[in-house]
Amino acid sequence: MSIQDKVAVVTGSSRGIGRAIALRLAADGAKVVVNYRSDESSASEVVDQIVAGGGEALAVQADVSQVADAQALIDSAKKAYGRVDILVNNAGTTRDTLIMRMSEDEWDIVIDTNLKGTFNCIKAVTRQMMRQRAGTIVNITSVAGIAGNPGQANYASAKAGIIGLTKTVAKELGSRGITCNAVAPGFVPTDLTASLPEDLIQLGIDRTPLGRLGTTEDCAGAVAFLVSSDASFITGQVLAVDGGLAI
């Protein structure tokens, strides 16, 4: 499943699932643009780890919820490596609370980062990939976008929107040789879930048929498959990496 010398942009890749994706794509041969919004130190650590393993990478700061930042991110990748072959939209955030308590700001920041940020980056890379008549886009959604989740109306709505966006992009760009798919992680421990109480974590395990939490590497493996030539005839699909949680 080699992607040797392909250029990959991974948003929100200074930590968590995005970090694992960046490291996996680099291990598979890609040149990786590690995107971060505020944690420059962690992004630099990811780059250093890739370079230490013999790969190529650079860190680029951008808040993908901002149109100009998303465009600048893609432009930086093209300036450094001449093209963009792979875009992984992973950047995301949460502001969990019940609907009756959710503020407008808590709604807006999650929609803007998770859904609008994905749209911004896809739009920014589309012309480049259309000229190449080739490209692979993978969007990170969530089982919350498939099944909903109490206390996450903003997050589940954004992630459901990403599923609709994924299918639309697949239909719009397929004739130019561009695929667009989504990966829907289940319960995966990251910084976003670190504050969850132990009993809630155990509940997640109990509801997962495979009886364990997922790992960031599980998600990275799914992305690695979808961006490889082995998945060249797969587009518009949502691959749940959730141990069966959503079934």
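What percent do you get for the relative contact order of the chain when only Cα pairs under 8 Å and 6+ apart count?
It comes to 20 percent, rounded to a whole number.
Report the extension gain between Glu45 and Ile201 in nm, rounded to one decimal, defined as 0.36 nm multiplied by the number of residues separating them, less their alpha carbon distance.
Result: 53.3 nm gained on full extension.
Here are some values of Rg and Dmax of the Cα atoms in Å: (1) 16.9, 51; (2) 18.6, 58; (3) 22.6, 68. Which one was computed from this structure?
(1)
Taking the Cα centre of the chain as the origin and placing charges on Cβ (Lys, Arg +1; Asp, Glu -1), which of Ser142, Ala77, Gln66 is farthest toward the positive end of the dipole?
Ala77
Gaussian network model of the chain, Cα springs within a sub-10 Å range: biggest mean-square fluctuation belongs to which of Ile137, Ile201, Ile109?
Ile201
Please list, or write none, the lysines whose alpha carbon is within less than 21 Å of the alpha carbon of Lys167, excluding same-chain residues fewer than 8 places away.
Lys116, Lys123, Lys159
If I ignore ligands, DNA and RNA and count only protein heavy atoms, how much of Lys31 is accessible to a 1.4 Å probe, in Å² to the nearest 10?
50
To the nearest 10 square angstrom, how much accessible area does Lys78 have with a 1.4 angstrom probe?
For Lys78, the solvent-accessible surface is approximately 50 Å².
When the helix-only estimate is applied to the chain (DSSP H runs of n ≥ 4, each -39,500 (n - 2.57), divided by the residue count), what is the mean residue ellipticity at 222 nm, nearest 500 deg cm²/dmol?
-13500 deg cm²/dmol
Highest mean first, how do 177-186, 208-217 rank when packing is the count of other Cβ atoms within 10 Å averaged over residues?
Listed from highest to lowest mean packing, they are 177-186, 208-217.
Which residue, Asp191, Asp112, Asp28, has the most motion in a Gaussian network model of the chain that connects Cα atoms within less than 10 Å?
Maximum among the listed residues: Asp191.
Taking a probe of 1.4 Å, how large is the accessible area per residue of the stretch 96-222, in Å²?
About 50 Å² of surface per residue is accessible.
Working with all protein chains in place, sort Val67, Val10 by solvent-accessible area computed with a 1.4 Å probe, largest first. Display every interim value, and only then the final one.
Details: Val67 90, Val10 0 Å².
Descending order: Val67, Val10.
The values are calculated or read from the model by the stated rules, or taken from the named source; none is laboratory data. Bear in mind that the values here come from a model prediction, so they are computed numbers and not experimental data. Here Cβ is always computed from backbone atoms with ideal geometry, including for glycine, and neighbour counts include all displayed protein chains. With ligands, DNA and RNA removed, areas are computed over all heavy atoms of the protein, side chains included. Shrake-Rupley method; radii C 1.70, N 1.55, O 1.52, S 1.80 Å.
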